[in-house]
Amino acid sequence: MTEEQKPKKPKVPRQKMPEQNAIERAHNFYEVALGYTNDLALLEASRCLHCKKPFCMKGCPVEVDIPDFVEMVKAGDLMSAAWKIKEKNSLPRIAGRVCPQETQCEALCVLGKKGKGEPCAIGRLERFVADWAAEHDEGKRPALPKPTGMKVGVVGSGPAGLTLAGALIKKGIAVTVYEALHELGGVLVYGIPEFRLPKAIVRAEVDELRKLGVEFKTNWVVGQIETVDDLLEKKKYDAVFIGTGAGAPLFLRIPGENLNGVYSANEFLTRSNLMKAYAFPEHDTPIAKGRRVVTFGGGNVAMDSARTALRLGAEKSMIVYRRTKAEMPARSEEVHHAEEEGVEFHFLTAPLEILGNDAGWSVGIKCEKMQLGEPDQSGRRRPLPTGETSVIECDTAIVAIGNGANPLVPRTTKNLETNKWGNIVADLETGKTTKDRVWAGGDIVTGAATVILAMGAGRKAALSMLQKFGVS
Amino acid sequence: MFEILEIGRLGPGVNRAVISAPDIARAHRPGQFIILRAHENGERIPLTVADKDVDKGTITLVWQEVGTTTYYLGTMCPGDRLQDLCGPLGKPTHLEKFGTVVGIGGGIGVAPLHPITKGMYDAGNHVISIVGARTEGLLIMTDDMKKISHELLISTDDGSFGIHGFVTQVLQSIIDRGTKIDLCVAIGPVPMMRAVVNVSRAANIPTVVSLNPIMVDGTGMCGACRVEVAGKTMFGCVDGPEFNGFDVDFDLLMKRLAMYKGPELISLNKFRDTERGCKCTIPGGA
């Protein structure tokens, strides 16, 4: 008698997330990724090994209890799973969409580490759970503790400020968030396009915080209508958090950068996202709908800009980047999506001049071919000029090479130290600045980074404030 | 919030409204501006503050009807509310006792000039104001300006009121009569500001101009309002709106102001076909 072999359990592969097909989606602003179905989510969750020592959590800037929430998905208890996530992350529908999970939690997943396998799709599960919970909201909220009588003012309603607000209000601390624009969410509403993060989701997440008691004040430019010192002294806030973001676009400093048709990515995306210029003239704000559009840069913002240009009707949307694909800071998923949609990449190409016509409109880019040299301080190989030039014809050019620090708050706040780039100096573990009772976090401290790092900074600052206040 | 308390016409295509905005009234300094959205699908447009009343908690806006939003505003009534009003924005005017200050306002530019002139007057300067317009009907706020000027000179291009000529000619005549001028402040259409700077430069009189580039956020985040000053790219919203007139690239400013001429016309035509658009005074409208 031969020993009966135990049938091998079929290995479940990492489940893909359904998305709109590339040809169709390149001409609409609906969300690209459609999210897991219930079945797909259960299948994916079943792959999680529920490690005793969950490495994945170490990769999460806000330390979501990943194995626990995935276990609840396995058990079909999605509402509990959602609350488990929300213990650490007030904005899971947003994080589930824009986090670079492949370099964070999923990069450390044991399934992926064994060599051949692929990591558990934690980000897709987070998104699924959070969306499900929003759709099946029963109006139940965790009981809030008695008000402590303390209050905190938050400058900026982006991911850092919203996260901090969520963490504090749950501990009985009153929070007022001040926002310069007319909509809440900061970069989540003006920067990240609808097709990656629907604005209805941002609104819903903000409403959730409002229901918990967070107050919001829009059209309120701290540094102009009142200062941080006013908030502390006149309005008697116990603490102020500055999360104003990296709000000052950098330009190329080349001839022609102020021609008509040349945008900063911030302006291009703000017109399209916040002001809904894609729906012009139903919405009043116009945008140049270029036939041939060139975007400079290799980050996520460059991908967002190039893909937005396609959706606005560009015949050709091109990315001009001075290094190669390997050095691009954008998420590989974003680059992949851009390629699928037909964005054309010009690597090892650096702009020298934007050429214009008599009416002051851009008509082309004079570029220089580059080659890669030795690595620079960032560890990426430095592009070196070759002397070989060419012209790329275009009517619209978008500069997506990063942001400097916005000066409005630093220049109007006493005793607030900034570094040579104008970023606020703050302890990266606590968010504490050089000024008493003032914390800061997100891009205004670190320079342009990611949504989840800003959320992490908001969370750390909240914990530091709570410790200072003696609230647990 | 942002209720319109009074609204009316100052002249053909020129309107004035008093708006409830106590926080802005309190914080506003001469030279600063606001950004508003008239309705929920509206664009963000910058307007300078013509006057304020801290006790009543109001600001006064004056605007010329040129595009969809400004025509839309003209159809609003007392009791209506602006969708959004954000300010004060921009750097305040540098006010001190310079000596003799000549304020020059062309057309609608008199509105933003008014609080600056008031500030200069209160700082102890000898204030000479030149107010100009194409024709008599387009002269605005002359009585307001008179109260805060030691000397008020009015000119019209067609001679229908006051001195027959351009504001630059009036400025030249003040220079020619030997009055020592320590500072000029010029606000108005770009060609006017450029012409003033040409006159004042020749006489070596420091000249401040207030620029009105196209803006979106108004807080330095988007860079729509780029202007070139002394060869450097500056943001009208956070570096300005006031700059040294000698250094401004007016030609670039003119071209950038014309960037959306096509879409603006599409938008205006669409607005004209709406129920509200019929009520307004767009030339060629119903």
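The values are calculated or read from the model by the stated rules, or taken from the named source; none is laboratory data. As the structure is a computational prediction, the values presented were derived from the model and not from experiment. Glycine also receives a Cβ, built like all others from the backbone with ideal geometry; neighbour counts cover every protein chain displayed.
A compact table of results
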quantity: Boolean, A:GLU118 is in the same structural domain as A:CYS60 (by TED's automatic domain parsing), in a helix (DSSP H, G or I) and among the acidic types (Asp, Glu); calculated: no
quantity: Residue within the stretch A:394-405 that is within 22 Å of A:VAL222 (Cα to Cα) and assigned to a loop (DSSP other than H, G, I, E, B) present; calculated: yes
quantity: Looking only at the stretch B:24-43, and only at residues there that are facing chain A (nearest Cβ under 10 Å) and closer than 13 Å to B:LYS56 by Cβ, the one that is surrounded by the most Cβ atoms within 10 Å (Cβ to Cβ); calculated: B:ILE24
quantity: Failed item in (1) in contact (Cβ under 8 Å) with a residue 24 or more places away in the chain; (2) part of a strand (DSSP E or B); (3) among the hydrophobic types (A, V, I, L, M, F, W, C), with A:LEU384 passing the rest; calculated: (1)
quantity: Elements of type helices (runs of 4 or more DSSP H) contained in the stretch A:259-377, each with 2 or more residues being β-branched (Val, Ile, Thr) and buried (at least 22 other Cβ atoms within 10 Å of the Cβ); calculated: A:300-311
quantity: Any hit, the stretch B:261-271, residues being surrounded by 15 or more Cβ atoms within 10 Å (Cβ to Cβ), more than 10 Å from every other protein chain (Cβ to nearest Cβ) and aliphatic (A, V, I, L, M); calculated: no
quantity: Identity of the residue in the stretch B:221-260, without any contact (Cβ under 8 Å) to a residue 24 or more places away in the chain and of a type in the set (Val, Ile, Thr), that ends up farthest from the other protein chains (Cβ to nearest Cβ); calculated: B:VAL229
quantity: Where a residue in the stretch A:79-90 is under 20 Å from A:LEU168 (Cβ atoms) and in contact (Cβ under 8 Å) with a residue 24 or more places away in the chain and its partner, wherever it lies, is hydroxyl-bearing (Ser, Thr, Tyr) and not in a loop (DSSP other than H, G, I, E, B), with Cβ under 7 Å and at least six apart; calculated: A:SER90/A:THR163
quantity: Failed criterion for A:PRO54 (all others in (1) surrounded by 21 or more Cβ atoms within 10 Å (Cβ to Cβ); (2) of a type outside the set (Gly, Ala, Ser); (3) under 30 Å from A:SER157 (Cβ atoms) hold); calculated: (3)
quantity: Residue match in the stretch A:437-455 (condition: at pLDDT 95 or above and surrounded by fewer than 23 Cβ atoms within 10 Å (Cβ to Cβ)); calculated: yes
quantity: Matching option when the condition is surrounded by fewer than 19 Cβ atoms within 10 Å (Cβ to Cβ), in contact with a Gly (Cβ under 8 Å, 6 or more places away or on another chain) and among the polar types (S, T, N, Q), among A:THR148, A:THR218; calculated: A:THR148
quantity: Scope the stretch B:115-153; condition part of a loop (DSSP other than H, G, I, E, B) and either on the phi > 0 side of the Ramachandran plot or touching a strand residue (DSSP E or B) at 6+ places or on another chain (Cβ under 6 Å) (or both); matching residues; calculated: B:GLY124, B:ASN125, B:THR135, B:LEU139, B:ILE140, B:MET141, B:SER149, B:HIS150
quantity: Tabulated pairs, the stretch A:242-255, first among the hydroxyl-bearing types (Ser, Thr, Tyr), second assigned to a loop (DSSP other than H, G, I, E, B), C-beta under 7 angstrom, 6+ apart or interchain; calculated: A:THR244/A:GLY156; A:THR244/A:ASN406; A:THR244/A:VAL409
quantity: Subset of the stretch B:1-23 [touching a residue at least 60 places away in the same chain (Cβ under 8 Å) and either among the aliphatic types (A, V, I, L, M) or not in a strand (DSSP E or B) (or both)]; calculated: B:MET1, B:PHE2, B:ILE4, B:LEU5, B:ILE7, B:LEU10, B:PRO12, B:GLY13, B:VAL14, B:ILE19, B:ALA21
quantity: Any hit, the stretch A:232-246, residues being more than 19 Å from A:LEU181 (Cα to Cα), at the interface with chain B (Cβ under 8 Å from one of its Cβ atoms) and either assigned to a loop (DSSP other than H, G, I, E, B) or not acidic (Asp, Glu) (or both); calculated: no
quantity: Filter result for the condition that a residue is assigned by TED's automatic domain parsing to the domain that holds A:GLY223, without any contact (Cβ under 8 Å) to a residue 40 or more places away in the chain and within 16 Å of the chain's Cα centre (by Cα), over A:VAL451, A:VAL445, A:VAL425; calculated: A:VAL445
quantity: Some residue of the stretch A:25-41 being surrounded by fewer than 19 Cβ atoms within 10 Å (Cβ to Cβ), within 23 Å of the chain's Cα centre (by Cα) and among the hydroxyl-bearing types (Ser, Thr, Tyr); calculated: yes
quantity: Any hit, the stretch B:84-93, residues being of a type in the set (Lys, Arg) and over 30 Å from A:VAL409 (Cβ atoms); calculated: no
quantity: Candidates A:ALA81, A:ALA107, filtered to the one that is over 18 Å from the mean Cα position of the chain (by Cα), assigned to a helix (DSSP H, G or I) and crowded, with 20+ Cβ neighbours inside 10 Å; calculated: A:ALA81
quantity: Filter result for A:GLY243 (at pLDDT below 95 and either in contact with a Leu (Cβ under 9 Å, 6 or more places away or on another chain) or assigned by TED's automatic domain parsing to the domain that holds A:LEU184 (or both)); calculated: no
quantity: Close pairs (7 angstrom Cβ cut-off, 6 or more residues apart or separate chains): in contact (Cβ under 8 Å) with a residue 12 or more places away in the chain and basic (Lys, Arg) in the stretch A:349-372, in a loop (DSSP other than H, G, I, E, B) and buried (at least 17 other Cβ atoms within 10 Å of the Cβ) anywhere; calculated: A:LYS369/A:LEU348
quantity: Boolean, B:ASP217 is within 14 Å of another protein chain (Cβ to nearest Cβ), closer than 22 Å to B:ILE104 by Cβ and among the acidic types (Asp, Glu); calculated: no
quantity: Residue satisfying all of: in the stretch A:93-104; of a type in the set (A, V, I, L, M, F, W, C) and more than 13 Å from A:ILE66 (Cβ to Cβ); surrounded by the fewest Cβ atoms within 10 Å (Cβ to Cβ) among these; calculated: A:VAL98
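Quick grid of which residues meet (1) among the acidic types (Asp, Glu); (2) out of contact with any strand residue (DSSP E or B) (no Cβ under 8 Å at 6 or more places or on another chain); (3) within 14 Å of chain B (Cβ to nearest Cβ):
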position: A:ILE254; (1), (2), (3): no, no, yes
position: A:TYR263; (1), (2), (3): no, no, yes
position: A:ASN266; (1), (2), (3): no, no, yes
position: A:GLU282; (1), (2), (3): yes, yes, yes
position: A:ASP304; (1), (2), (3): yes, yes, no
position: A:ALA309; (1), (2), (3): no, no, no
position: A:GLU315; (1), (2), (3): yes, no, no
position: A:MET318; (1), (2), (3): no, no, no
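Residues are listed down the side, and each one gets a yes or a no for (1) closer than 18 Å to A:VAL471 by Cα; (2) among the charged types (D, E, K, R); (3) assigned by TED's automatic domain parsing to the domain that holds A:TRP439:
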site: A:LYS140; (1), (2), (3): no, yes, no
site: A:VAL155; (1), (2), (3): no, no, yes
site: A:PRO159; (1), (2), (3): no, no, yes
site: A:LEU162; (1), (2), (3): no, no, yes
site: A:ALA165; (1), (2), (3): yes, no, yes
site: A:LEU168; (1), (2), (3): yes, no, yes
site: A:ALA174; (1), (2), (3): yes, no, yes
site: A:ALA180; (1), (2), (3): no, no, yes
